[in-house]
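Take a look at the structure below.
Laboratory data are not the source of any read-out in this text; all were calculated from the coordinates shown. Predicted, not measured: the structure shown is a model, and the values here were computed from it. Heads up, the Cβs are rebuilt from the backbone with ideal geometry, glycines too, and the neighbour counts pull from every protein chain shown.
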């Protein structure tokens with residue numbers, strides 16, 4: 001019972017404490033084992049948490065016994081509990097993948113420290129997903145940024161440009177975090193509270209308040225940087241493409257997703273009833289920006305020849321789909337956004353993992369010219385890669401189809417056929433870059449033998465675990481759909 | 001600078017008092033201004049002064065890197081472990097109430113332990129940062 005009552009705190013505390021221990025371990029293997037065991041415990045706790053929330057609807061955990069609104073609380077409801085489960089699941093798979101991949105990409109003596117930072121990043125993602133305190137969120141934002149930057153910089157052993165990517169993320173991320181904390185300052189000045197639920201109540205009493213709206217604007221701008229929303233995404237492509245592949249798969253899958261979740265919570269959970277400006281923002285700013293993101297990301301991906309950068313650009317387009325769904329400002333739009341958060345995390349995680357294995361096989365960066373025929377040489381990984389790619393397009397029987405289906409459903413509710421055409425066109429465009437990859441990797445003859453004679457099973461197993469979940473969610477999609485609807489219910493009430 | 005006897009003697013004289021002052025800030029932080037963060041920086045300043053006068057190698061002999069790394073982790077474990085102890089005693093994470101019979105004593109004790117954790121980590125991180133930058137060698 002001790003564990004069950006304290007899961008929200010332990011989900012952050014256990015990886016945090018484990019990271020301190022792991023940093024001191026002498027051997028890379030023991031460090032990995034410890035880290036993997038920690039992520040398994042977190043997955044177990046996240047599963048328990050989903051059970052608790054499905055029976056009690058909401059849970060508030062007061063740190064140090066200081067009741068809200070004075071103390072820091074972690075709040076769990078159906079909007080974020082599946083996000084916590086997603087982070088836990090992806091971190092288990094990514095840690096499993098890291099066993100083979102991280103060891104080959106960074107120096108052995110750095111591995112225990114790398115796993116320590118890795119656990120720290122996971123702890124901060126849990127914290128971001130759960131905290132109900134505006135300032136505490138900033139703290140987790142900083143922990144997540146600093147640990148991600150360290151992890152990205154570890155890619156320098158492979159390619160020195162990782163250092164520049166990490167530095168850019170440091171500067172741009174710091175500006176984003178500053179914007180966010182300025183916004184919190186304004187909001188605190190207006191309401192005198194940092195607890196998000198308390199802030200909502202007080203704003204309802206205050207009515208339209210200039211300081212609060214200014215605060216909202218700053219907070220949204222800061223969070224959009226962290227979420228990689230176009231046009232403040234510029235740190236993202238380099239960061240994901242030069243990080244070690246295990247890091248890319250973890251960060252691309254979940255790091256931006258928790259920021260997007262908080263973006264939605266700010267807009268729909270707190271400010272939607274306070275000010276008309278949210279409607280204005282959604283319709284006249286977020287929607288055009290999302291459409292631009294979708295087309296910019298997709299078209300830039302078509303012209304990109306470096307695989308990791310290509311998928312990072314495609315991430316910007318996919319984040320565009322999520323924010324586009326939010327910008328429809330409807331119950332089904334928010335559901336569609338949350339469904340795509342889960343599906344895209346799984347799909348992009350699997351794709352980055354597979355690209356990492358290809359790059360390892362040929363011993364250099366995965367590009368259109370170096371990848372000729374590699375699909376034939378590594379058929380098991382390639383099959384998983386193709387399935388994940390089909391899911392990215394939104395082919396039926398994959399999870400991506402469910403995302404697109406619900407996105408279309410949300411669009412049809414608005415009655416605007418123009419948007420349907422836009423989304424359909426962007427899906428067709430994404431076929432182009434995936435076909436290009438397929439053509440190069442499968443239809444061309446292999447030009448060189450692989451560096452390692454076989455694809456490592458410990459590396460493609462995690463890919464297939466992800467792909468398996470993608471396929472399962474494509475057929476038995478009930479849980480994912482109800483999680484999306486539950487999130488929308490928690491944010492704007494049942495419709 | 002290193003051969004100047006004034007620096008050597010003054011830094012030797014100051015070394016102890018700086019640490020004692022750091023400890024004062026650490027353990028008096030609950031009554032006066034101060035706390036773990038400030039204390040950690042002050043204690044680290046004593047070691048940094050030593051390294052600056054006697055050289056980085058001597059400083060590393062005085063406080064080897066493996067100790068710095070362990071203290072870094074130890075501080076986090078002290079802080080986080082306090083929270084775990086609260087849970088084991090049946091309260092919420094970092095709730096100090098069950099640590100002693102009277103609630104204000106319990107809170108007092110809890111904050112001292114937690115601040116000790118902060119102090120240890122800040123001390124080690126400050127010194128670690130100094131050593132890392134002072135010992136930085138550019139690649140060819």
Contact order relative to length for chain A, counting C-alpha pairs under 8 Å separated by 6 or more residues, stands in percent at 16
With Cα coordinates, the longest principal axis of chain A makes an angle with the long axis of helix A:417-438, in degrees rounded to 10, of 30
Segment A:29-76 - Rg and Dmax from Cα coordinates, angstrom
14.8, 44
Given 20 °C and 1.002 mPa s, how large is the Stokes-Einstein diffusion coefficient of segment A:36-181 in µm²/s, with Rh as the Kirkwood radius over Cα pairs?
128
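Taking a cut-off of 20 Å, what percent of all Cα-Cα pairs in segment B:5-134 are separated by more than that?
The calculated P(r) of segment B:5-134 puts 50 percent of pairs beyond 20 Å.
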Segment A:354-412: translational diffusion in µm²/s, Stokes-Einstein, Kirkwood Rh over Cα pairs, 10 °C, 1.306 mPa s:
123
Mind checking the angle between helix A:307-327 and chain A's longest principal axis? C-alpha axes, 0 to 90 degrees, to the nearest 10.
30
Give the shape of segment A:323-466 as rounded, prolate or oblate, defined through the alpha-carbon gyration tensor: a ≥ b ≥ c are the square roots of its eigenvalues, a/c under 1.5 means rounded, and otherwise the shape is prolate if a/b is larger than b/c and oblate if not.
prolate
What is chain B's relative contact order, in percent, from Cα pairs under 8 angstrom and six or more apart in sequence?
29
Please report the spacing between the Cα centers of segment A:287-323 and segment A:41-67 in Å, no decimals.
35
With a 10 Å Cβ neighbour count serving as the proxy for reagent exposure, in which order, fewest first, do A:338, A:401, A:473, A:242 appear?
A:401, A:473, A:242, A:338
Would you calculate a helix-derived [θ] at 222 nm for the protein assembly as shown, using -39,500 (n - 2.57) for each DSSP H run of n ≥ 4 and dividing by the full residue count, to the nearest 500?
-24500 deg cm²/dmol
When only C-alpha pairs under 8 Å and at least 6 residues apart count, what is the relative contact order of segment A:283-495, in percent?
29
Reduced to Cα centres, the span from segment B:1-50 to segment A:395-460 in Å works out to 60
Does the protein assembly as shown come out rounded, prolate or oblate by the C-alpha gyration tensor, with a ≥ b ≥ c the root eigenvalues, rounded set by a/c under 1.5 and, if not, prolate when a/b is larger than b/c and oblate if not?
oblate
Report, in degrees rounded to the nearest 10, the 0 to 90 angle that the Cα long axis of helix B:103-134 makes with the longest principal axis of chain B.
20
Would you mind ranking A:67, A:445 so that the residue whose beta carbon has the fewest other beta carbons within 10 Å leads the list?
A:445, A:67
Using the 10 angstrom Cβ neighbour count as an exposure proxy, how do A:106, A:199 rank, fewest first?
A:106, A:199
Note: A:68-74 gets an average of partner chain Cβ contacts (10 Å, Cβ to Cβ) equal to 1
Taking each residue of B:69-75 in turn, how many C-beta atoms of other protein chains fall within 10 Å of its C-beta, and what is the average?
3
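To the nearest whole number, what is the average tally of beta carbon atoms from other chains within 10 Å of the beta carbons of peptide A:18-31?
2
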